[in-house]
Amino acid sequence: MKAAIMVEQRKPLVVDEVQMPADLLHGQVLVKIHYTGICGSQVNEMRGLKGPDKFLPHLLGHEGGGVVQACGPGVKAVKAGDRVVLHWRKGEGIQSDTPRYQWKGNRLNAGWVTTFNEMAIVSENRVTPVPADLNLKSAVLYGCALTTGFGIVQNEARMKTGESIVVYGSGGVGLSVILAASLVSAHPIVAVDLQEVKLKKALEYGATHVIDASKEDARKRLESLFPTGADVVVETIGANPIKELAYDLTSATGRTVLVGVTKAGDRMALDTTPLHFGKKLVPSYGGSSNPSYEIPRLIRLQRSGRFSLDGMISHEFSLDEINDAIDLMVKGTALRCVINMER
């Protein structure tokens with residue numbers, strides 16, 4: 001099979017042929033990948049923002065849509081022929097051993113799920129079956145962005161009807177937070193970004209106000225909107241100055257949710273006194289979601305007409321073009337990029 005391999009941090013991925021093991025182990029599932037998304041977290045890993053990588057070379061990708069080809073011993077959640085969403089958050093089922101791929105005669109590392117490859121051996125608890133007619137291109141959004149965004153609102157911020165929210169960053173996760181907040185009738189919902197195209201999309205997904213931080217002072221505008229602070233402020237960018245600002249703009253009994261991952265070793269400065277009197281600082285980890293439960297629930301909600309995913313995927317590339325997709329993500333002009341394995 002062909003796959004995109006991270007050989008060295010801060011270097012382009014290498015697209016090459018990879019050899020698969022002959023047999024599936026207990027709890028493993030073989031999936032033909034049709035589409036994979038590119039998450040900002042994976043981009044940060046490639047850029048070395050999370051620190052030195054001890055497992056190079058290895059495969060990447062943690063959100064995808066595909067079809068099960070075969071199952072190893074013990075697998076009960078899926079069967080051959082099932083359409084599935086692949087996700088990095090742990091769901092129900094077996095956590096298997098990681099697969100033993102080979103590249104150029106040597107072991108090629110991989111985790112419990114990878115999706116930058118035409119075929120993937122994944123752990124049973126990293127796949128969730130979906131309806132047979134679900135579009136596998138949009139399925140990638142359920143693998144990370146949507147479950148994270150909805151989980152932030154429901155599990156981590158625990159938003160109530162009528163509470164206010166500010167969302168810094170209107171990429172895939174930020175838009176999903178805005179969408180989820182609109183479905184619990186949050187008000188107002190304020191999106192902050194540097195890209196006009198993303199802010200226009202934020203309005204489509206439920207934002208009541210948008211702030212283009214490239215054209216106006218976001219702090220001043222937000223302080224005028226929320227003289228005593230917003231109930232919830234979500235930061236998805238991964239920049240410490242924005243994290244500090246998000247905390248400052250949160251009300252005395254509100255919640256600041258930190259989603260974006262900053263460079264390893266970087267520190268931020270906060271006045272922690274308010275934390276003793278009701279203010280909450282919440283580090284997000286994938287929205288604390290359980291994909292096995294939340295993906296079917298969100299699909300039912302989408303199919304009922306409560307929300308649409310139209311336009312959230314802004315660009316499509318082939319696997320050979322994956323480095324172009326990554327470059328576009330780094331520039332910050334894309335909403336969500338996907339790789340079409342059959343392109």
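FYI, it's all coordinate maths here, none of it is from the lab. This structure is a prediction, so every number in the text was calculated from the model and none was measured. Glycine gets a Cβ as well: all are built from the backbone with ideal geometry, and neighbour counts include every protein chain shown.
Tell me, what is the FRET efficiency for T253 and K50 to the nearest 0.05, using R0 = 30 angstrom and their Cβ-Cβ distance as r?
0.40
Grab the other residues whose beta carbon is less than 15 angstrom from that of F277, score K and R as +1, D and E as -1, and report the net.
Combined, the nearby Lys, Arg, Asp and Glu give +2.
Which one of H87, M329, V7 has its Cα pushed farthest toward the positive end of the charge dipole of the chain, where Lys and Arg give +1 and Asp and Glu give -1 at the Cβ?
Of the candidates, H87 comes out farthest on the positive side.
Find how many whole Å separate the alpha carbon centroid of region 191-258 from the alpha carbon centroid of region 290-326.
Region 290-326 and region 191-258 have Cα centres spaced 24 Å from each other.
Filter the GluC sites (Glu not before Pro) in region 153-227 down to the DSSP loop ones having no more than 16 other Cβ atoms within 10 Å, then list what survives.
E216
Extent of region 145-287 along each principal axis, from alpha carbon coordinates, in Å, largest to smallest?
37, 31, 31
How far is helix 172-183 tilted off the main Cα axis of the chain, in degrees rounded to 10, range 0 to 90?
The helix 172-183 is inclined about 60 degrees to the chain.
Treating only the Cβ of Lys, Arg, Asp and Glu as charged (+1, +1, -1, -1), what charge dipole size does the chain show about its Cα centre? Round to the nearest 20 debye.
Computed about the Cα centre, the dipole is about 520 debye.
How big is the convex hull of the Cα atoms of the chain, per residue, in Å³?
Measuring per residue, one finds 128 Å³ for the Cα hull of the chain.
Place a point 7 Å from Cα of D327 in the direction of its Cβ. Which residues in region 1-27 have their backbone N less than 17 Å from it?
10-15
Output the relative contact order of the chain, whole-number percent, from Cα pairs under 8 angstrom with separation of 6+ residues.
18 percent
With a sphere of radius 13 Å drawn around the Cβ of K76, what net charge do the other residues whose Cβ falls strictly inside it have (Lys, Arg +1; Asp, Glu -1)?
Neighbourhood net charge equals -2.
Treating the beta-carbon of each Lys and Arg as +1 and of each Asp and Glu as -1, no other charges, what is the dipole magnitude of region 133-267 about its Cα centre, to the nearest 20 debye?
120 debye
List the GluC sites (Glu not before Pro) in region 1-92 that DSSP assigns to loop (not H, G, I, E or B) and whose Cβ has at most 14 other Cβ atoms within 10 Å. Which are they?
Answer in residue order: E8, E92.
Rank the residues V282, V14 as a footprinting-exposure proxy: fewest other Cβ atoms within 10 Å of their Cβ go first.
Going from least to most buried by this count: V14, V282.
Loop only by DSSP, 11 or fewer other Cβ within 10 Å of the Cβ. Give me the GluC sites (Glu not before Pro) in region 252-341 that pass, ordered by residue number.
Within region 252-341, no GluC sites (Glu not before Pro) qualify (loop, at most 11 other Cβ atoms within 10 Å).
Name the residue from A132, N109, V153 whose Cα lies farthest towards the positive end of the charge dipole of region 24-156, charges +1 on Cβ of Lys and Arg and -1 on Cβ of Asp and Glu.
About the Cα centre, the residue reaching furthest to the positive side is N109.
For V67 and K200, what does the FRET efficiency come to when R0 = 51 Å and r is the distance between their Cβ atoms, rounded to the nearest 0.05?
0.90
Determine ³J(HN,Hα), in whole Hz, for all residues of region 320-325 in sequence, where each value follows from phi through the Karplus function 6.51 cos²θ - 1.76 cosθ + 1.60 and θ = phi - 60°; x replaces Gly and Pro.
5, 9, 4, 5, 5, 5
Report the longest stretch of the chain that contains none of the chymotrypsin sites (Phe, Trp or Tyr not before Pro) sitting in a DSSP loop with at most 15 other Cβ atoms within 10 Å.
Here the longest segment lacking exposed loop sites spans 56-284.
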